[in-house]
Each structure stands twice: as C-alpha cells, then as structure tokens.
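See below for the structure under consideration.
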Amino acid sequence: MKITLSLSAIAVILLVSSILSILEYRSMSNYVSDLIADNIESINAAQQLSNVTDAYNLQILTVIGDENDNELPDFNRQAFLDHCDSLHVSLSSINMQHLADSVVYSWSAYMLTSLELPNVILSDFIDTRSWYFERLQPVYNRLHGDIDDLNTAIYKELQKNSATFERGFYRSVIPSAVTVAVGLMLVLLLLFYILTYYVNPIYKMLKGLDSYRSFNTQYNYTFEGDDQLKELNDGITELTEENRQLRRRIKGLRDTLTQR
C-alpha cells in the first residue's frame, strides 16, 4: 500500500504538470498566433497601399509624359480606404494606429494635389514636369515614407511577438522540467525508502534463515513496522522457534531410546 501510494503520488504530480504545461502552451500559442496573424495581415494591407499608390503615381507620370493624354488616371479610393480600415482593425498598438492615420492624411494630401493635374495640363503657364517634380513628387514621397514607417513598426511588432512566442514556449516548458526534476527526486526517495525498509530487511531475514538452517542458531531478527513485512518476519520467527523446539524434542527422544 505504501509503495502504491508513493507511485500514485508521483504519477499524479507528473500528470498534473503535463496538463498545466499543455494548457499554458496552448493559451500562449493561441494568443501570440493571433497577434502574429494580425501583424501579417497588417503587412499585407500596408503592401497593398504601397502598390496602389505606386501604380497611381506611375499612371500620372505616364500622362505627363504623353502630351496627347489629358485624362486623369483612375484611382480606386474605396479600396484604399478599405485597406486603411483593415489596418485599424488589425493594429493593436496605439502608436501604429497613429501611423496608419498619418498614412491616411498623407494620402488625402496626395490625392488633393493630384486632382490639380487636369488644370495643370490645360494651363499655358504651368509646366507639367515642373509641377510633378516640385509639387506632386514631395507629397508622394511623404506618403511613401509614412507607409514605410508603418511597415517598419509592423515588422518590429512582429519580431516582438515572435520573441514573446519563444519566451512563452520556454515558460510552458518550465513547469514540466520542474515536475520532472521533482518526480526524479521522489523516485530517488522512493528507491531509498524501498531499499531501507523492504530490501534490506528481506536480506537480513534471508541471512537469519541461512544461519538458522546451517548452524541451527536462533532466528532473532526484529525490526519496527506495522506492515505485511513485519507480519512475515513474526511468522518466520514463530515457525523457526517451533521448529527448534521440535528438533530438541526429537533429539531428546532419540537420546532416551539410545539409553534404553
């Protein structure tokens, strides 16, 4: 019963620690995975913003280079705003949300400036190339810079979340490592307990039985306890003592018969 209780305690400790480690790892994994997924979604949205503005700016440059083309390029404003809205939803940091707002403000300034293109083309006093490089290009560079700043912030957040995931993994492993160490210590204590209170007494009982059988000495090994091994030792002591008394009686009868 004592051995069973000891082994059961070790098994329960290991089981509980394993469950705690699994729950901790799952919780941390789900939390950080959601953050990383949001970061990746934000990176994709920011990349879409950059691609859309690059394409629109290239179309404006094409119109300026072609003197016969006086139409303003088409720009899907709703798609741009949708990407900005998805950024606001996926960004968890207030600082990055401010960066996203800066992108929207820069885009608004860029769009207002680009709407001057039809008047610039029709004007006889304004050179379209000068207008592009001196007025539109600085606003475009500012918009592109804000998008790059937003991308940089998102990448830093992604790196931080990846490091958090790694730390969370080690944190979830620590309970298992501690429990395994405790389990090993308990196993060693249990081994010491078994050797001290079971194996050694059995060896001494066997040694006492060998002395009794070989030299007919009295079996007098005793130890403290209240378990089945103590009962076994008492039974051996009683049987050996009865056997010794029986041997003495037989020897006495033989001596009596010999004298007659």
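Odds and ends about this structure:
- Total residues in segment 209-253, condition in contact with a Ser or Thr (Cβ under 8 Å, 6 or more places away or on another chain) and free of Cβ contacts under 8 Å to residues at least 24 places away in the same chain: 7
- Residue match in segment 51-71 (condition: part of a helix (DSSP H, G or I), over 42 Å from the mean Cα position of the chain (by Cα), modelled with pLDDT under 75 and farther than 24 Å from ILE154 by Cα): yes
- Matching residues, segment 198-253, being β-branched (Val, Ile, Thr) and within 26 Å of THR4 (Cα to Cα): VAL199, ILE202, THR222, ILE236
- Subset of segment 182-236 (residues that are among the acidic types (Asp, Glu) and modelled with pLDDT under 80): GLU224, ASP226, ASP227
Each row is one residue, and each column tells you yes or no for (1) free of Cβ contacts under 8 Å to residues at least 12 places away in the same chain; (2) buried (at least 19 other Cβ atoms within 10 Å of the Cβ); (3) not in a helix (DSSP H, G or I).
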| residue | (1), (2), (3) |
| --- | --- |
| SER108 | yes, no, no |
| ILE126 | yes, no, yes |
| GLU134 | yes, no, no |
| GLN137 | yes, no, no |
| ASN141 | yes, no, no |
| ILE147 | no, yes, no |
| THR152 | yes, no, no |
| TYR155 | no, no, no |
| LEU158 | no, no, no |
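- For the residues TYR170, TYR155, the requirement of being at pLDDT below 70 and either more than 30 Å from THR62 (Cα to Cα) or in contact with a His (Cβ under 7 Å, 6 or more places away or on another chain) (or both) singles out TYR170.
- Residue list for segment 37-48, filter: of a type in the set (A, V, I, L, M, F, W, C) and under 15 Å from MET96 (Cα atoms): ILE40, ILE43, ALA45, ALA46
- Search result, residues across segment 110-124 that are surrounded by 15 or more Cβ atoms within 10 Å (Cβ to Cβ), modelled with pLDDT of 80 or more and assigned to a helix (DSSP H, G or I): TYR110, MET111, THR113, SER114
The values are calculated or read from the model by the stated rules, or taken from the named source; none is laboratory data. It should be emphasised that the depicted structure is a prediction, and the values quoted were computed from it without experimental measurement. Glycine gets a Cβ as well: all are built from the backbone with ideal geometry, and neighbour counts include every protein chain shown.
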